[in-house]
1. Can you tell me which residue within the range B:16-42, out of those that are under 15 Å from B:Lys108 (Cβ atoms) and within 13 Å of chain A (Cβ to nearest Cβ), is surrounded by the fewest Cβ atoms within 10 Å (Cβ to Cβ)?
2. Considering (1) within 12 Å of another protein chain (Cβ to nearest Cβ); (2) farther than 19 Å from A:Gln41 by Cα, say which one B:Ala91 fails and leave the rest.
3. Filtering the range B:29-43 down to residues that are outside any strand (DSSP E or B) and aromatic (Phe, Trp, Tyr), which residue is nearest to B:Tyr66 (Cα to Cα)?
4. Which strands (runs of 3 or more DSSP E) sit wholly inside the range A:39-113 and have at least 1 residues that are small (Gly, Ala, Ser), touching a strand residue (DSSP E or B) at 6+ places or on another chain (Cβ under 6 Å) and more than 11 Å from every other protein chain (Cβ to nearest Cβ)?
5. Counting only residues that are within 14 Å of chain B (Cβ to nearest Cβ) and within 16 Å of A:Asp96 (Cβ to Cβ), how many does the range A:27-38 have?
6. Which of the numbered conditions does A:Gln18 fail, given that it passes all the others? Conditions: (1) more than 13 Å from chain B (Cβ to nearest Cβ); (2) touching a Lys or Arg at 6+ places or on another chain (Cβ under 6 Å).
7. Within the range A:77-113, work out how many residues are of a type in the set (D, E, K, R) and touching a residue at least 60 places away in the same chain (Cβ under 8 Å).
8. For residues that are farther than 20 Å from B:Val4 by Cα and either within 14 Å of chain A (Cβ to nearest Cβ) or in contact with a strand residue (DSSP E or B) (Cβ under 7 Å, 6 or more places away or on another chain) (or both), tally how many sit in the range B:94-113.
Amino acid sequence: KAGVTQTPRYLIKTRGQQVTLSCSPISGHRSVSWYQQTPGQGLQFLFEYFSETQRNKGNFPGRFSGRQFSNSRSEMNVSTLELGDSALYLCASSLDSSSTEAFFGQGTRLTVV
Amino acid sequence: GNSVTQMEGPVTLSEEAFLTINCTYTATGYPSLFWYVQYPGEGLQLLLKATKADDKGSNKGFEATYRKETTSFHLEKGSVQVSDSAVYFCALSPQGGSEKLVFGKGTKLTVNP
């Protein structure tokens, strides 16, 4: 059974640009959640999607958005990039929105210069 | 709100030493509790979990017991190996609430031969 796949693994963007990250969950999993990992703030919850609907959202500005497709694949978008958005972005998949067990991808390392 | 506090380390041990990483939490209701491990350049892997008070999670020689009375979930291993070197995260999944997972800051463990 394939795990959670995140693409791309690495990205370098310039301040002010926008970026889209992709996550394919484990087959059969319908919930996808996103996290930002930085040395200073640690792991912080961004949002969760289930059945193409955003279920929950963390304390991040509106520049951070996401969506989920009918095949459960999810994308997150960050607009007007800032230097502080440099981080490892992790995606996790769960069977459904009530499932407490989450399986993580390897992450996308975003560097904003 | 929900929060997790864990000893930040870094922790350096010799092979075959005993390991304890302390974790305490604040949450309403009865959260599920987890330990995740992150190896260099990788995403997070679920190490063990406990879903109710007095449950003991265990995997690969690691153990943690859900202590409701002390709101703790300390990670222990009787004899660590060099291959256990990684960053360990304590996390909770709130009962209800707006976040899928709430993480501690992580504890970096280095095991020397």
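1. Among them, the one singled out is B:Pro40.
2. So B:Ala91 meets the others, but not (2).
3. Checking each candidate, the answer is B:Tyr30.
4. A:64-68, A:74-78, A:87-94
5. Of the residues in the range A:27-38, the ones within 14 Å of chain B (Cβ to nearest Cβ) are A:29-38.
Still in the running and within 16 Å of A:Asp96 (Cβ to Cβ): A:29-33.
Number of matching residues: 5.
6. That leaves (2) as the condition not met.
7. Summing the residues that are of a type in the set (D, E, K, R) and touching a residue at least 60 places away in the same chain (Cβ under 8 Å) in the range A:77-113 gives 3.
8. In the first step, residues of the range B:94-113 are kept if they are farther than 20 Å from B:Val4 by Cα; the result is B:110-113.
Pick out the ones that are also either within 14 Å of chain A (Cβ to nearest Cβ) or in contact with a strand residue (DSSP E or B) (Cβ under 7 Å, 6 or more places away or on another chain) (or both) and you get B:110-112.
Total satisfying the criteria: 3.
The values are calculated or read from the model by the stated rules, or taken from the named source; none is laboratory data. It should be emphasised that the depicted structure is a prediction, and the values quoted were computed from it without experimental measurement. Because the Cβ atoms are built from the backbone with ideal geometry, glycine has one as well, and the counts that use them run over all protein chains shown.
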